[in-house]
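For reference, the structure discussed in these notes is given below.
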Amino acid sequence: MNKKIVRMEETHPLTWRMRDDKKTVWIEEYSNKNGYSAFKKALHQITPKDAINLVKESGLKGRGGAGFSTGLKWSLMPEKINNKEHRYLLCNADEMEPGTYKDRLLIEQLPHQLIEGILLSAFAIQATRGYIFLRGEYIKGEYVLKKSIQEAINSGYIGLNILNSGFNFDLFLHTGAGRYICGEETALINSLEGRRANPRFKPPFPATFGLWGKPTCVNNVETLSNVPSIILNGSNWYKNLSKSSDTGTKLMGFSGKVNNPGVWELPFGITAREILEDYALGMRSGLSLKAWQPGGAGTDFLTPKHLDLSMDFTTISKAGSRLGTALAMAVDNEINMVSLVYNIEKFFARESCGLCTPCRDGLPWVVKILRSLKNKDGQSNDIKILEQLCISLSPGKTFCAHAPGAIEPLQSAIKYFRSEFEDGISINKTNLNKNITGIQSNKFNLKF
Amino acid sequence: MSTKFVLSSFEINEIENQKKHYESYRAIAIEALKIVQKQRGWVSNQAIVEISKILNISASDVESIATFYSQIYRQPVGRNIIRYCDSVVCYLTGYQKIKKVLEKHLSIQTGHTTIDKRFTLLPICCLGNCDHSPTIMINEDLHSKLTPESVLNLLESYK
């Protein structure tokens, strides 16, 4: 059954203003659709502290993948203001997670909703400068945002003493030059400063020591796009949109060999099966679902038996995966899991920033083993080495979440599809080191 | 004797214009590399030195940035850059066939440039176009739902 979504202001805060022809909603149309009214309300009717509390009460969680409370993140910014120094709001628009295509939609079609969200967030944390860090490959997004920022400046929403409120804020567009790691919070800050995008050690956290050492808050595009409706309609309204303990709506979707791949604004608590069957219209003819990733390449695989789980941070986490970006990907029965994981790990190895050894050396090692298994040339202890590498690259063992994210699909693929890994082991090959107590040499050349 | 390398006044102006957006000039480094590359196709050693002078940071600093980011080319490239998405959804929907047909038709491997300098072929991370995969980008244009046949027809429009 094909369920058609009727986007309404009351139920679809993120997408109700979108046009059916998918063209950009520029400032005039956005204003006619109640745009910037939340910002005007905030400037004259509520205090920054109220705005933080409202977002905290709404339960809004970061939509970049980690799901940290947005209001709490804002409240970590120091309250004391040094009027001589900037404090920064950074919009993370470096969408590069394989399988994720949600921020592009919001940037290209509703840029002013994002800008209004940035302005409201900046007002709440008393930021005076903001940057939208956009990945360099989003060419249309760059054009749309440049034009929209200028429109907002011309309308008096960006600049000095905005709408006679005493609030000052400048917003700039900054485009990247390629590298997945730029999406990591502190790596993004380094990249913005004109350095290699290596993550920074925490603490200190960006809230106290971020861009150029100043208080800085980094929020995702979808997170910021949620803020205007929360400010306008209140936290209870926002909570009631959801069917689960996670509040509000979320851009969710399914890609892969499904009949109608796409992205839709749906309430938390909807099941993956509903998305797959009612919106993505099931697997293509002749294919069946073998596995799925809930939210991007860095999330653990789940199986068809998990399809009835509620799509929210808590439930998916309990099932052994992560909601991530909630843009799910369907793996069909014709796909070999070792080959698929090889593709994913090659990506993570290529995109490791190289700063810390476990990630820099561990991921290429994973790739080499997977390549040999894919070629049916694996050795008897290869799966054991992969499992050991999963531990060596797990959370807390590396500088940032790149490697822990990378091993999530690997560990879950071994868990659910171990026989396919065993099929890759050549009967003619045996490991020299049966116990795997130290570093083993690799006989394969690494080529990407 | 080779002529001295100088940045054009346009390039210098474009770089200088960026300075007012940031607290530190170092932040312009990536944008400066992109500005120069847009004019010249790639970033030479001499360009690195000239950019470092404008930003008042060392040339090796600029070099370290130039070699980190995948969109900065440190050797000459073709007139048209083909970047095929090799991420997981395009894998599921068959980017390998697209890659194979491109490599065969252009007689080059990924990372190389055709003899006539018309095309350079590179892989790229997920282009955020998964619901229309497989997908590639040629220069600044995104192309969706490709087949081995359609991708070859597409090349005809890039001279």
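Values computed for the structure shown
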item: Subset of the stretch B:1-21 [within 14 Å of chain A (Cβ to nearest Cβ) and of a type in the set (Lys, Arg)]; result: B:Lys19, B:Lys20
item: Residue tally, condition closer than 14 Å to A:Pro409 by Cα and either assigned to a helix (DSSP H, G or I) or away from chain B (no Cβ under 12 Å) (or both), over the stretch A:334-365; result: 14
item: Condition check for A:Ile132: of a type in the set (A, V, I, L, M, F, W, C) and either assigned to a strand (DSSP E or B) or open to solvent by 10 Å² or more (accessible area, probe 1.4 Å) (or both); result: yes
item: Top-ranked residue of the stretch A:250-269 - restricted to ones that are open to solvent by 10 Å² or more (accessible area, probe 1.4 Å), more than 7 Å from chain B (Cβ to nearest Cβ) and part of a loop (DSSP other than H, G, I, E, B), ranked as nearest to A:Asn226 (Cα to Cα); result: A:Gly269
item: Residue that is least open to solvent (accessible area, probe 1.4 Å), among those in the stretch A:139-175 that are of a type in the set (Ser, Thr, Tyr) and outside any strand (DSSP E or B); result: A:Ser148
item: Selected residue [away from every other protein chain (no Cβ under 13 Å), closer than 26 Å to B:Leu33 by Cα and in contact (Cβ under 8 Å) with a residue 60 or more places away in the chain] from A:Val227, A:Val218; result: A:Val218
item: Test: residue in the stretch A:115-126 that is open to solvent by 10 Å² or more (accessible area, probe 1.4 Å), away from chain B (no Cβ under 14 Å), more than 27 Å from A:Lys250 (Cβ to Cβ) and not in a helix (DSSP H, G or I); result: yes
item: Lone unmet requirement of (1) over 19 Å from A:Gly62 (Cα atoms); (2) more than 14 Å from chain B (Cβ to nearest Cβ) for A:Leu171; result: (2)
item: Entirely in the stretch B:108-159, the strands (runs of 3 or more DSSP E) that have 3 or more residues that are within 14 Å of chain A (Cβ to nearest Cβ) and open to solvent by 20 Å² or more (accessible area, probe 1.4 Å); result: B:141-143
item: Residue list for the stretch B:90-107, restricted to those being in contact with a Pro (Cβ under 7 Å, 6 or more places away or on another chain), of a type in the set (A, V, I, L, M, F, W, C) and within 10 Å of another protein chain (Cβ to nearest Cβ); result: B:Cys90
item: Count of residues meeting criterion [open to solvent by 30 Å² or more (accessible area, probe 1.4 Å) and within 14 Å of another protein chain (Cβ to nearest Cβ)] in the stretch A:185-208; result: 3
item: Test: residue in the stretch B:89-105 that is farther than 26 Å from A:Val258 by Cα, under 17 Å from the mean Cα position of the chain (by Cα) and open to solvent by 20 Å² or more (accessible area, probe 1.4 Å); result: no
item: Yes/no for A:Leu110 being within 14 Å of chain B (Cβ to nearest Cβ) and buried (at least 24 other Cβ atoms within 10 Å of the Cβ); result: no
item: Residue within the stretch A:302-321 that is assigned to a loop (DSSP other than H, G, I, E, B), more than 16 Å from A:Leu251 (Cα to Cα), within 14 Å of chain B (Cβ to nearest Cβ) and not basic (Lys, Arg) present; result: no
item: Check on B:Val6, assigned to a helix (DSSP H, G or I) and more than 30 Å from B:Glu149 (Cβ to Cβ); result: no
item: The listed residue being of a type in the set (S, T, N, Q), more than 25 Å from A:Glu351 (Cβ to Cβ) and facing another protein chain (nearest Cβ under 8 Å), out of B:Ser24, B:Ser70, B:Ser44, B:Ser58; result: B:Ser24
item: All positions within the stretch B:45-69 that are closer than 24 Å to B:Lys117 by Cβ and out of contact with any helix residue (DSSP H, G or I) (no Cβ under 9 Å at 6 or more places or on another chain); result: B:Gln46, B:Thr67
item: Residue check, A:Leu281 part of a loop (DSSP other than H, G, I, E, B), free of Cβ contacts under 8 Å to residues at least 60 places away in the same chain and not acidic (Asp, Glu); result: no
item: Among (1) farther than 22 Å from A:Arg63 by Cα; (2) in a helix (DSSP H, G or I), the one test that A:Ser191 misses; result: (1)
item: Evaluation of A:Lys23 against (1) surrounded by 15 or more Cβ atoms within 10 Å (Cβ to Cβ); (2) more than 18 Å from the chain's Cα centre (by Cα) (one fails), failing number; result: (1)
item: Test: residue in the stretch A:63-81 that is surrounded by 24 or more Cβ atoms within 10 Å (Cβ to Cβ), modelled with pLDDT of 95 or more and within 14 Å of another protein chain (Cβ to nearest Cβ); result: no
item: A:Leu373 over 24 Å from A:Gly99 (Cα atoms) and buried (at least 21 other Cβ atoms within 10 Å of the Cβ); result: yes
item: Count - residues of the stretch A:216-249 that are touching a strand residue (DSSP E or B) at 6+ places or on another chain (Cβ under 6 Å), open to solvent by 20 Å² or more (accessible area, probe 1.4 Å) and of a type in the set (A, V, I, L, M); result: 1
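The values are calculated or read from the model by the stated rules, or taken from the named source; none is laboratory data. Values in this document were obtained by computation on a predicted structure and should not be read as measured data. Here the Cβ is made from the backbone with ideal geometry for all residues, glycine too, and neighbour counts use every protein chain on show. Heads up: the accessible areas ignore ligands, DNA and RNA and are worked out on the full protein's heavy atoms, side chains in. Shrake-Rupley method; radii C 1.70, N 1.55, O 1.52, S 1.80 Å.
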